[in-house]
Amino acid sequence: MIPTDATASSRSARAFAPASVGNIGVGFDLLGHAIEGPGDSATVRLIDEPTVRMDGIDGDVPGLARIPLDAPRNTAGRALIALREHLGLSQGFAITLHKGIALGSGLGGSAASCVAALVAANALLETPLSREALYPFALEGEAVASGSLHGDNVAPMLLGGVALATRTRAIRLDVPDLYCAAVHPEHVLETREARAVLAPPYPLGDFVRQSEHLALFLTGLARGDRALIAAGLRDVLVEPRRAALIPGFDRVKQAALDHGALGASISGAGPTVFGWFDTRDAAAVAGAAMCAAFADAGLASHVYVSPVAGPRAECIA
């Protein structure tokens, strides 16, 4: 599936994958949406050796030395290993990553590296795969960082906008014209640490209430009904257990709600906190108030304002 007469220019490709809001509060491991602004990029080169290797990692975020250069232990490397094995390719890939998403931010940094590499490698194939067909390889890559198969970050990065992610399917969902304020404090919260507080049991009543909220939320998206979205964008399972891991979380969330958020919660594993709003201006004003609440907790922060229907990963020049 790789052209045998590939020229030098066709032997490499570069792609950018945007950050994402995982879970969207009510949809733990099932829902996510892409956002404008930060992201990771990957340059992938065809090599004649039948292997995948990491040629380097750079970027503007701290902690790069913690990211493995061993391909099987790197989300991008593992995803391309899975792609090569599935397609039975005789050639291999060399990957260089540029990190633009802070580690442990709750904005899908490990997923973005994985998706950017897949989209770049896919562009080098004689017959590129569909985004949905890339999804299983993205899941396998992301599992290196998270320890489990969940696509709430990789699915929206591959498809754009809001996505429903199961273990076998990635489906883009309709969403009305809404905006997100995602506020990232200067605080690191590792995914594995954030998942450790989620050990069962969970009361049956909480599970039923969460199912009710998820049903209302999905129905609201399908109908473009903001009232139903607001009624459903409430997490009673995960947020209560993770809130204590994020300094100032309660005040930050309340700042979003006080400024008109349809709902607000933790993005991914945290510590980023997000809210959904009717307009971009409302999201910007609320984002400033959320940053002020983090400042009261002793944390500097940055706000990203984006359409909820954010962009998908794409090849770039």
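The values are calculated or read from the model by the stated rules, or taken from the named source; none is laboratory data. Bear in mind the structure is a predicted one, so any value in this text is a computation, not a measurement. Using ideal geometry, Cβ is built from the backbone for each residue, glycine included, and neighbour counts are taken over all protein chains shown.
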Practice problem: Considering (1) surrounded by 15 or more Cβ atoms within 10 Å (Cβ to Cβ); (2) free of Cβ contacts under 8 Å to residues at least 60 places away in the same chain; (3) assigned to a helix (DSSP H, G or I), say which one PHE294 fails and leave the rest. | Solution: (2)
Exercise. Output yes when any residue across region 124-144 is closer than 26 Å to VAL44 by Cα, among the acidic types (Asp, Glu) and in contact with a His (Cβ under 9 Å, 6 or more places away or on another chain), and no when none is.
Key: yes
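Can you tell me how many residues in region 43-60 are among the small types (Gly, Ala, Ser) and surrounded by fewer than 17 Cβ atoms within 10 Å (Cβ to Cβ)? First the steps, then the outcome.
Here is the first cut: in region 43-60, the residues among the small types (Gly, Ala, Ser) are 56, 59.
Right, trim to surrounded by fewer than 17 Cβ atoms within 10 Å (Cβ to Cβ) and you get 56.
Looking only at that region, the number is 1.
Right, TYR135: of a type in the set (Phe, Trp, Tyr) and either closer than 30 Å to GLY260 by Cα or not assigned by TED's automatic domain parsing to the domain that holds ARG242 (or both) or not?
When the stated conditions are applied, TYR135 passes them.
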Practice problem: Just give me the residues in region 207-225 being over 13 Å from ASP174 (Cβ atoms) and either not polar (S, T, N, Q) or not in a helix (DSSP H, G or I) (or both), in sequence order. | Solution: PHE207, VAL208, ARG209, GLU212, HIS213, LEU214, ALA215, LEU216
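Considering only helices (runs of 4 or more DSSP H) fully contained in region 55-159, which possess at least 1 residues that are over 27 Å from LEU31 (Cβ atoms) and in contact with a Gly (Cβ under 7 Å, 6 or more places away or on another chain)?
Working: elements: 75-87, 109-123, 131-146, 154-159.
The helices (runs of 4 or more DSSP H) meeting that bar are 75-87.
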Quiz prompt | Selection status of LEU189, of a type in the set (A, V, I, L, M) and either surrounded by fewer than 16 Cβ atoms within 10 Å (Cβ to Cβ) or assigned to a helix (DSSP H, G or I) (or both) | solution = no
Self-check item: One residue from ALA111, ALA76 being under 13 Å from the mean Cα position of the chain (by Cα) and either within 18 Å of GLY147 (Cα to Cα) or among the β-branched types (Val, Ile, Thr) (or both)
Solution: ALA111
